[in-house]
2 protein chains.
Amino acid sequence: MAPSKLLKSICLIASRVLTESGSRPTFTPASVPRCRQFLATSSAVHQSVPASALKALQTTLGDKSVSSAEAVCEQHSHDESYHRTFLPDVVVYPKNTQEVSEIAKICSQHKLPMVPFGTGTGLEGGVTGSKGSVCIDLSHIDQILSLHSEDFDVTVEPGVTRQDLNNHLRDAGLWFPIDPGANASLCGMAATSASGTNAVRYGTMRENVLNLEVVLADGTVVHSAGKDKRAKKTAAGYNLTNLFVGSEGTLGIITKATLRLHGIPEATLAAVCSFDSVQEAVDSVTQVMQYGVPIARIEFLDEAMMEACNHYSHLDHKVAPTLFLEFHGSEESVKSQVQYVEEIVKANNGSDFQWADRPEDRSKLWKARHDCLYASLAERPGCKALCTDVCVPVSMLPQIIVQTQNDLKNFGLYGTIVGHVGDGNFHVAIPVDTDDQSEMATVKSFCSQLGRRALELGGTCTGEHGIGIGKQELLLKEVGEEGVATMRKIKRALDPDNLMNPGKVFSV
Amino acid sequence: MAPSKLLKSICLIASRVLTESGSRPTFTPASVPRCRQFLATSSAVHQSVPASALKALQTTLGDKSVSSAEAVCEQHSHDESYHRTFLPDVVVYPKNTQEVSEIAKICSQHKLPMVPFGTGTGLEGGVTGSKGSVCIDLSHIDQILSLHSEDFDVTVEPGVTRQDLNNHLRDAGLWFPIDPGANASLCGMAATSASGTNAVRYGTMRENVLNLEVVLADGTVVHSAGKDKRAKKTAAGYNLTNLFVGSEGTLGIITKATLRLHGIPEATLAAVCSFDSVQEAVDSVTQVMQYGVPIARIEFLDEAMMEACNHYSHLDHKVAPTLFLEFHGSEESVKSQVQYVEEIVKANNGSDFQWADRPEDRSKLWKARHDCLYASLAERPGCKALCTDVCVPVSMLPQIIVQTQNDLKNFGLYGTIVGHVGDGNFHVAIPVDTDDQSEMATVKSFCSQLGRRALELGGTCTGEHGIGIGKQELLLKEVGEEGVATMRKIKRALDPDNLMNPGKVFSV
């Protein structure tokens, strides 16, 4: 689709500004979405990184910890989604909180946007650059601090990933169950309010973060629940912890997280079962939830997803609406949970359970589940991932999932559905050719309609991916002008110059 | 203890200001704490309610819904604690959210402080008046709205109490487990981030509020998670819900709360067991938690508390460190939980379980637990309650509880200890003669020391009572200057004139 004359003029202007920032200078039809994004997010005009700021960063961090190499900047300009805006001007690698604070002071003084970067595994463009931005890669601050096994808590630095922590904890009989699939950094997971397959039993980051150390825009270091505090609950003042959780780097940079841990369950059982219809599969899930079975994982995969999974992960499951299940507890408790769920599944004409008994079978099963996004992408090589998520009250699930499958057909799109349906949360992954403007427009219409459908059913436009740059219109529909205005007031109060990851969540 | 000359002069000035506000004009030695409090909380000087504002309130609400009668104002000037500051000038009784919004607009226009009032069952003076304040009694807005049994959620208005809701839910097989003891209003419980006996299993208000309708200082109505939204989880924008939960009325007035419900457990068993020492009782609790037993209630009562309980609730339990326990689940799960806990108790030389088998025995047991504060007060008739709470990492409990018993002895105080020790949270209730300045000073020193001890052990100065006017110094110690400064920025952003329950949580 050719851009209109007006849009083309605007894009040309934008592309000149892009050139000044040192990013890719050429304007082609493919620049249109990038220019659109630029126009949407550039309400505050920032200058590019001046030499004096660069010098200050180099002096503070050492030359090796500051890079403007194009490859490095490109690598830090996007997450796993199709979203692209700007490359950062500079990528810095602080080695401790003090250095993060110094970086913030330098950026604040020079009014430079700061974009914190964990593992880049987000899905709504949360780490894309702003014009003249400094990307703060936190992966070199990577220690696991003060594990208190007896209190089930630990403090981690931002370079520690979910798998790093669980490897470290295994011998202590503990684990951190929040599992968004990707091997994300735990502080990044806090910043985006991640959840995932185990949330139905163990909650999301919101319930499992006890305290955060955060560097604010001006370099101030705040401990959301007080320095070295790790009480299981507190009623002392405003809940800053849960304000920073999910703020997507727009209020501050998380440099430490104190997390709640859980005991590795005495018994774990995993199984797969398939159904004749989506309705029956999802009805089973809603009934399991309504009976209050404390199931650890209950994941739904639709026919298209199962087919892609079989191809990608070399499985031979039936291509049908399917549930992947996992039960945790004592031997007796697991037995009783399985009995309840088997009865429910049978009543909904589900297949017999196919058990993944051995740990390696269980790992294979969940690896396949985690690889769902890559499996969908592999069905259309060369495409980028557009993976959207919504979350609705559990009783609304059958209706919206069936509607979504019909919508995909009606829009002529290939997409797979997979989700943490015990929470009412599901994803649609659509591999897209981002250079095909017509396809992009269709996919975006589909996603927008899915978001609106979720809102109409009392749900949210995102259960766990966040808003980033992809869902700002839907956020406005969801919480209204008053809601966004309230968020904006908080943002302005903590970051008056709009330097912390600007343009994300909402425009200021 | 006579006030110093300087303090007396200051108090006289303050008492003149008090006179202008229409509150009690006389200055006596007993005014000292009130004056001290006034000086502590009156950083923003507000004028008394002018006739034009009164007229506007009467026109908006009708004459019957606006009262300046002294008895009404007195009743609305305090909670169940000893804290006293000012009487409100006016008490208003809105009938719906629209009227609350109109009240806020009128108060905003006339720069009048607003103090929301639920049931007045708080313990840190959260509802005490400010000079010239309008107390907004929300008890007439009392409907239970949109119960979704299939999704385990319900929306309630601010006049609905915990018991109202549970009576309403019983036939649907559901309940709302958060139980701070008092029959508090649910929106008030959200405002103060209440928790209580069941929190160890079901979480606190923070985990069980899905959405709030809030009237801001300027009358704007905000829905923290979007109007009519009730998804189990969301990552859409800032977590306004958990910012308002626990903000103690200082950011807005909660006019609706959407709550997460739970199924009434298939089986419930309650029991009591006693120990030779505090250490052994508390060690049992920490071990139960460390084994991951999903116990529903595990309450510790020390010897003094058991003695007071026996007197007040006509029980005949052994006067010894005691645990009150409750188990929820399927028949099998409860059986397995009991087995684990009995073994742990036996290993710590605990007594055999004394079962409360019949529902009426269970009710009697938990009524006695809920009446602990009144039981303590009954040991010293005529006294007011000073009930403080702290929360520490569970492993620190034995140490701090033993220390606290010694501290009570060393300070020469009578006090009882009771708590939700599964969360590391416990209370000390001290009946005090508030007219005895010397005793008040001693009690305050004791409380302050207890708070500091909790902080040193990585805990919080309050697990569930909140800060109110009683714990502002401890909050500062807990989250530091940077933490309070961050809270203050948020407060100023949402309430620039400091009209919403001013002087609570921190001074602006």
If you go through the stretch A:426-435 one residue at a time, do you hit one that is within 17 Å of residue A:389 (Cβ to Cβ) and either within 13 Å of another protein chain (Cβ to nearest Cβ) or of a type in the set (Ser, Thr, Tyr) (or both)? yes
Can you tell me which residue within the stretch B:121-131, out of those that are touching a strand residue (DSSP E or B) at 6+ places or on another chain (Cβ under 8 Å) and of a type outside the set (A, V, I, L, M, F, W, C), is farthest from the other protein chains (Cβ to nearest Cβ)? B:131
Of those in the stretch A:161-191 that are within 21 Å of residue A:369 (Cβ to Cβ) and hydrophobic (A, V, I, L, M, F, W, C), the residue farthest from the chain's Cα centre (by Cα) is A:175
Which listed residue is charged (D, E, K, R), surrounded by fewer than 24 Cβ atoms within 10 Å (Cβ to Cβ) and in contact (Cβ under 8 Å) with a residue 24 or more places away in the chain, from B:124, B:70, B:80, B:150: B:80
Filter result for residue A:469 (surrounded by fewer than 24 Cβ atoms within 10 Å (Cβ to Cβ), over 20 Å from the mean Cα position of the chain (by Cα), under 30 Å from residue A:104 (Cβ atoms) and touching a residue at least 60 places away in the same chain (Cβ under 8 Å)): no
Working only within the stretch B:181-193, note down all residues that are facing chain A (nearest Cβ under 9 Å) and touching a His at 6+ places or on another chain (Cβ under 9 Å). B:192
Restricting the search to the stretch B:251-276, which residues are within 13 Å of another protein chain (Cβ to nearest Cβ), surrounded by fewer than 24 Cβ atoms within 10 Å (Cβ to Cβ) and part of a strand (DSSP E or B)? B:260, B:262, B:263, B:267
Based on this model, can you work out whether residue A:296 counts as over 30 Å from residue A:225 (Cβ atoms) and either within 14 Å of chain B (Cβ to nearest Cβ) or small (Gly, Ala, Ser) (or both)? no
Given B:108, B:52, B:48, which one is over 26 Å from residue B:465 (Cβ atoms), modelled with pLDDT of 95 or more, touching an Asp or Glu at 6+ places or on another chain (Cβ under 9 Å) and surrounded by fewer than 22 Cβ atoms within 10 Å (Cβ to Cβ)? B:108
So residue B:412 fits all but one of (1) away from chain A (no Cβ under 14 Å); (2) crowded, with 24+ Cβ neighbours inside 10 Å; (3) among the small types (Gly, Ala, Ser); what number is the exception? (2)
Is it the case that some residue within the stretch A:230-250 is within 13 Å of chain B (Cβ to nearest Cβ), over 27 Å from the mean Cα position of the chain (by Cα), part of a loop (DSSP other than H, G, I, E, B) and acidic (Asp, Glu)? no
Which numbered condition in (1) within 26 Å of residue A:53 (Cα to Cα); (2) not in a strand (DSSP E or B) is the only one that residue A:116 fails? (2)
Of the residues B:316, B:302, which is free of Cβ contacts under 8 Å to residues at least 12 places away in the same chain and touching a helix residue (DSSP H, G or I) at 6+ places or on another chain (Cβ under 9 Å)? B:316
For the stretch B:130-147, enumerate the residues that are touching a Leu at 6+ places or on another chain (Cβ under 7 Å) and either surrounded by fewer than 23 Cβ atoms within 10 Å (Cβ to Cβ) or without any contact (Cβ under 8 Å) to a residue 60 or more places away in the chain (or both). B:144
Quick one: would you say residue B:502 is more than 23 Å from residue B:193 (Cα to Cα) and in contact (Cβ under 8 Å) with a residue 12 or more places away in the chain? no
With among the charged types (D, E, K, R), within 12 Å of chain A (Cβ to nearest Cβ), within 15 Å of the chain's Cα centre (by Cα) and on the phi < 0 side of the Ramachandran plot as the only criterion, which of B:206, B:201 stands out? B:206
Mind checking which residues of the stretch B:198-226 are of a type in the set (S, T, N, Q) and closer than 20 Å to residue B:160 by Cβ? B:198, B:204, B:208, B:211, B:224
Residue satisfying condition, being surrounded by fewer than 24 Cβ atoms within 10 Å (Cβ to Cβ) and away from chain A (no Cβ under 14 Å), within set B:395, B:445: B:445
In this structure, does residue B:280 turn out to be at the interface with chain A (Cβ under 9 Å from one of its Cβ atoms), surrounded by fewer than 24 Cβ atoms within 10 Å (Cβ to Cβ) and of a type in the set (Asp, Glu)? no
Since residue B:414 meets every condition but one in (1) without any contact (Cβ under 8 Å) to a residue 40 or more places away in the chain; (2) at negative phi, which condition does it not meet? (1)
Those residues that are in contact with an Asp or Glu (Cβ under 9 Å, 6 or more places away or on another chain), part of a helix (DSSP H, G or I) and more than 9 Å from chain A (Cβ to nearest Cβ), I need them from the stretch B:451-487; list them, please. B:451, B:453
Kindly provide the set of residues from the stretch B:186-205 that are among the small types (Gly, Ala, Ser) and surrounded by fewer than 24 Cβ atoms within 10 Å (Cβ to Cβ), ordered by number. B:203
For the stretch B:93-113, which positions are assigned to a loop (DSSP other than H, G, I, E, B) and under 21 Å from residue B:247 (Cα atoms)? B:111, B:112, B:113
For the stretch A:139-162, the count of residues that are in a strand (DSSP E or B), farther than 22 Å from residue A:201 by Cβ and within 14 Å of another protein chain (Cβ to nearest Cβ) equals 5
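The values are calculated or read from the model by the stated rules, or taken from the named source; none is laboratory data. Given the structure is predicted, the values throughout are model-derived calculations rather than measurements. No Cβ is skipped: glycine too gets one built from the backbone with ideal geometry, and neighbour counts run over all protein chains shown.
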